[in-house]
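The values are calculated or read from the model by the stated rules, or taken from the named source; none is laboratory data. The structure displayed is predicted, hence computed values, not measured ones. We place every Cβ from the backbone using ideal geometry, glycine too, and count neighbours over all the protein chains shown. Areas reflect the complete protein model, heavy atoms only, side chains present, ligands, DNA and RNA absent. Shrake-Rupley method; radii C 1.70, N 1.55, O 1.52, S 1.80 Å.
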Amino acid sequence: MTEGSGRQTEARSMSDKAYETVRDAIVRCELAPGAWIKASELSESLGLGRTPTTQALQRLEAAGFTRPVKRKGWQVTPVTLQSVHDILEAFEMTAPGLVALIIRNASDEQVATLGKMLTRWVPGRPVSDVKPDLTVAPIRYAVQICGNPVITGMSLPLATHVERVFNFGMLQDHFMDPVYVRRRNAFLEAMAVRDEKRAPEAFLKVLHVGAAELNRILQGAQSIRSVPLHIEHVS
């Protein structure tokens, strides 16, 4: 390896570190929707140079997590009813195929791990001392264990956005009710027996409950634009 290529590799590594750190902070809503980011302050807090930090912000812009605002810096992309609708509509179209691939390709251990992650992520009601764990990333994990590298590469960005909007919802209110718990458990039971017909259907029902809860929460948020979110009403 030449000296020049070594410096390029190091620069990419620093840019990747900045990108992953800021992306995860945005997904966990530690950097809240609409928050302002100054490249100089971010560079200092990360202990990285301005160049890799700016490159990371540009990558985050391309991924839909930030946007540049002239003379103000960078802003974390707001969560709106329209953006939630678009994200969940796309995920609803891809989720059944993803679940089917997991059933075919994932190991029993991976399926069990996915179930534990989903339960930690959204414990559900009745409310207990167990709070949502926003550090887990079950949707991204599901994409990573599907066994198809092309699907994984294409679906990871969407999975990251799905986690972000649900994390945002969970931080606004106690999230999910007994209907969610029943449907999640039905999905996990179908996954455990590798039921390729029932599991995708059960997962969509879980997603619909989540969409209904997000709609309820976001409709009451003053910073959210009132754009209809077409979701299934659950009882």
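Within segment 79-88, being in contact (Cβ under 8 Å) with a residue 40 or more places away in the chain and either out of contact with any helix residue (DSSP H, G or I) (no Cβ under 6 Å at 6 or more places or on another chain) or not in a helix (DSSP H, G or I) (or both) holds for V79, T80, Q82, S83, H85. Every condition in (1) at pLDDT below 95; (2) out of contact with any Pro (no Cβ under 9 Å at 6 or more places or on another chain); (3) over 23 Å from A90 (Cβ atoms) is met by D195 except one, and the failing one is (1). Of the residues making up segment 41-53, those that are assigned to a helix (DSSP H, G or I) and open to solvent by 60 Å² or more (accessible area, probe 1.4 Å) are E41, E44, S45, R50, T51. Looking across segment 54-66, just one residue is β-branched (V, I, T) and assigned to a helix (DSSP H, G or I), and that is T54.
Quick one: would you say T94 is outside any helix (DSSP H, G or I), closer than 29 Å to P33 by Cβ and open to solvent by 60 Å² or more (accessible area, probe 1.4 Å)? It is false that T94 is outside any helix (DSSP H, G or I), closer than 29 Å to P33 by Cβ and open to solvent by 60 Å² or more (accessible area, probe 1.4 Å). Per this entry, Q8 is counted among residues that are open to solvent by 30 Å² or more (accessible area, probe 1.4 Å), out of contact with any Asp or Glu (no Cβ under 9 Å at 6 or more places or on another chain) and at pLDDT below 95.
Counting only helices (runs of 4 or more DSSP H) that fall entirely inside segment 114-208 and contain at least 2 residues that are open to solvent by less than 40 Å² (accessible area, probe 1.4 Å) and of a type in the set (G, A, S), the qualifying elements are 149-172, 178-192.
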